Structures are given as structure tokens and as C-alpha cells.
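The values are calculated or read from the model by the stated rules, or taken from the named source; none is laboratory data. Quick caveat, the model's predicted, so the values are computed rather than measured. For neighbour counting, all protein chains shown are included, and Cβ atoms are generated from backbone atoms with ideal geometry for every residue, glycine included. For accessibility, only protein heavy atoms count, side chains too; no ligands or nucleic acids. Shrake-Rupley method; radii C 1.70, N 1.55, O 1.52, S 1.80 Å.
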Amino acid sequence: MPIMKIIRKSCAQGAREAQGLTVIIDVFRAFTCEPFFFHFNAREVILEADPHKATAMKREHPDFVLVGEVNEVPIEGADLGNSPTDIVRRGEAYFRGKTVVHRTTAGVTGVAAALEKADEIVLEEIKKAGLYEQIWQSFAIILPIKSVGVMGDERTYENVVALRCVNSIDGMTADWVKLPNEVLGKIANRIINSVKGVNRVVYDVSSKPPATIEWE
């Protein structure tokens, strides 16, 4: 019986050294970090593509947790790289209530693309319903949390989009818009079905005050 010798290597160096029949498993580790941050009750996650800006935020806020790599090497001043294993080892006690600055180019690009698409859907459906001239401001927000969902027979762990529609005269005070249920349903269904990485849509029914119009 022939015997297959299996050699396991990792990262770019391992790929360069591989010979013979090679199976490469490419894991986007940066994408796997966010669920752990929120599972361990981090207060918020700031996605930053520029490593220098990420490092500057850490210097300005030493209590922030800085996570990220460039070419598989942790960035200057980083508390952690993009290793889910290391994140799990730190555990909830390390992340609870903290702000995490995550240097990730793909993550920033993905979130920006999803937000742009969600915003387009909100605007399109409001115009279709003839409500555009009646609403002072409307937009979508991707929340810094993950939501458990179901797609087919599989559980998903993806992003939440919040919708914000308000009427105001001067921006100092504002009332949330009572959108028709049919319009809300169309917006939510389109976002969930066409924006990759989103499995839940919520509607903000907070007035100003006490809430602000924008989300921060």
C-alpha cells in the first residue's frame, strides 16, 4: 500500500517551500477576528486600513487594544496580530469594555462596500415610495456587532445594518420618520438578499434628544 507523507507548513514562507502535490488553505484571518472581539464583549471595533493611523490611535489612547499585521508581521505597537488563537487565549477579561483598533485593509474595504450598497437601497426604495421630499435625512449604518442568523440549514454570524430616517428643521432636534411597514420590509429584504455579510436589519426609532441624528 502506498504511503503519503504529509508535511504541514504555514504562511508565505511555507507556500514558497512547498513541493510536490500541494494543498493551500488560504484563511483570511483578519475576517475571523471580529466575531471574537464582540464575543468577548469589546465595546467597539475601529477598522483602519493605514497602519500608521492605527498606531497613532493607540498612542493617543493607550487603553485601546491594537490588533493587526502587515505582511504577516504585527504592526508597530500592536498588542496582538491577526491570530484568532491568540485572541481566544487572552479571553473576555482582556477585551471586555475596551475599544479595539483593528488594522485590516480587506476589512475596511468590505465594510465600506457593504455600507455604500445599503445606502443605495435605502435611497432607491424611499424614492420609489414617493417619500424622498418628505424626509430630511436617511442613511444606513453597519453596527459594530455581529448577529447570529440562519441561511438554509447553516447558522451565520454576520453584520447588522441599522436604518436611520429623521425629519428636522435645523438639526438641533429631530423626530424619527414613521416609514410604512411595506417600505421598511422592502428595504430590509433587499439589503439582506443583496449586501454580502449582512443577516439582520433594524430601524432606529429614537428622536433627538436624547439620541443624536448620526451614530457614533
Just how much of M172 is accessible, in Å², when a 1.4 Å probe is used and the result is rounded to the nearest 10?
-> 130 Å²
Using a 1.4 Å probe and ignoring any ligands, DNA or RNA, find the accessible area of H39 and quote it in Å² to the nearest 10.
-> 110 Å²
Reported to the nearest 10 Å², D170 has, with a 1.4 Å probe, an accessible area equal to 100 Å²
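Where in the range 138-216 are there trypsin sites (Lys or Arg not before Pro) that are in a DSSP coil and have at most 16 other Cβ atoms within 10 angstrom of their Cβ?
K178, K196
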Rounded to whole Hz and in sequence order, give me ³J(HN,Hα) for the range 113-125 from the Karplus expression 6.51 cos²θ - 1.76 cosθ + 1.60, θ = phi - 60°, writing x for Gly and Pro.
-> 5, 5, 5, 4, 5, 4, 4, 4, 5, 4, 5, 4, 6
Expressed in angstrom and rounded, the centroid-to-centroid distance over alpha carbons for the range 148-173 and the range 82-101 is 25 Å
Top positive-direction residue, dipole computed over the range 129-216 with Cβ charges, set S194, V150, V183 = V150
Can you tell me the dipole magnitude for the range 87-216 around its Cα centre, using point charges on the Cβ only (Lys, Arg +1; Asp, Glu -1), in Debye to the nearest 20?
-> 600 debye
